Amino acid sequence: MIPVIIHDKCQCDPKKCTAKRMLKFGLGKEAKTLSAIPSGSIVLSPFSKIALSPADIVHARKGLVVMDLTWTNIDEFPRVRGTNERVLPYLLASNPVNWGRPMELNSAEAVLASLMILGEKEQAESFLGRFNWAPEFIRLNGSMLEDYSKAKDSSEVVRIQNEYLESIRGKD
């Protein structure tokens, strides 16, 4: 079981906030301050140059951190010393706000995808009954997530992502 840690910047509509729902359903624990984030943990960051891969499981066992803030305020993304930042590979959002948009996942989609990539499928399945868009997320991204979860490291995840993107471009 991967400890999911949520740092909520309280920037979104509380009724739609997936971070608050994860906390409500016991799918994660809140880090009220940045100093409460465990050293050595994985922080999901859109600014990282390293893709999340199954090789990150060792660090993820210390914690998988999601920073909940709006995409319009992404420039305020906090940096946490002593952690390992990772970016998610290409995936499509399935939430009602960003449906079909690549790489604009909400916090719960990001955690669900991370758990799948890290091979924690049973823990990821706990999201399916809690978010009505979760089955659609798996439908849209299932084969990519499966491929990413079989990669040996970040460079292989990037290679898989690039092959997928090339196959999309080839269909245009």
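Listed here are the residues, each with its yes/no results for (1) over 17 Å from ALA19 (Cα atoms); (2) basic (Lys, Arg).
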| residue | (1), (2) |
| --- | --- |
| SER94 | no, no |
| GLY100 | yes, no |
| GLU104 | no, no |
| ALA113 | no, no |
| SER126 | no, no |
| TRP133 | no, no |
| ASN141 | yes, no |
| LYS152 | yes, yes |
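Six or more apart or on different chains, Cβ atoms under 8 Å: show the pairs whose first residue is in segment 98-114 and polar (S, T, N, Q) and whose second is surrounded by fewer than 16 Cβ atoms within 10 Å (Cβ to Cβ) and part of a loop (DSSP other than H, G, I, E, B).
From residues that are polar (S, T, N, Q), the pairs are ASN106/VAL97.
Working only within segment 109-136, note down all residues that are part of a loop (DSSP other than H, G, I, E, B) and out of contact with any helix residue (DSSP H, G or I) (no Cβ under 6 Å at 6 or more places or on another chain).
Selection gives GLU120, SER126, GLY129, ARG130, ASN132, TRP133.
Here is a yes/no grid of residues against (1) of a type outside the set (Phe, Trp, Tyr); (2) farther than 23 Å from LYS29 by Cβ; (3) in a loop (DSSP other than H, G, I, E, B); (4) out of contact with any Gly (no Cβ under 9 Å at 6 or more places or on another chain):
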site	(1), (2), (3), (4)
ALA55	yes, yes, no, yes
HIS59	yes, no, no, no
GLU104	yes, yes, yes, yes
ILE138	yes, yes, no, yes
GLY142	yes, yes, no, yes
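Scanning segment 121-152 for residues that are of a type outside the set (Phe, Trp, Tyr) and buried (at least 21 other Cβ atoms within 10 Å of the Cβ), which turns out farthest from the chain's Cα centre (by Cα)?
Checked segment 121-152; the qualifying residue farthest from the chain's Cα centre (by Cα) is ALA151.
No lab work stands behind these numbers, since they all come straight from the coordinates. Values in this document were obtained by computation on a predicted structure and should not be read as measured data. Positions of Cβ are backbone-derived with ideal geometry, glycine not excepted, and every protein chain shown enters the neighbour counts.
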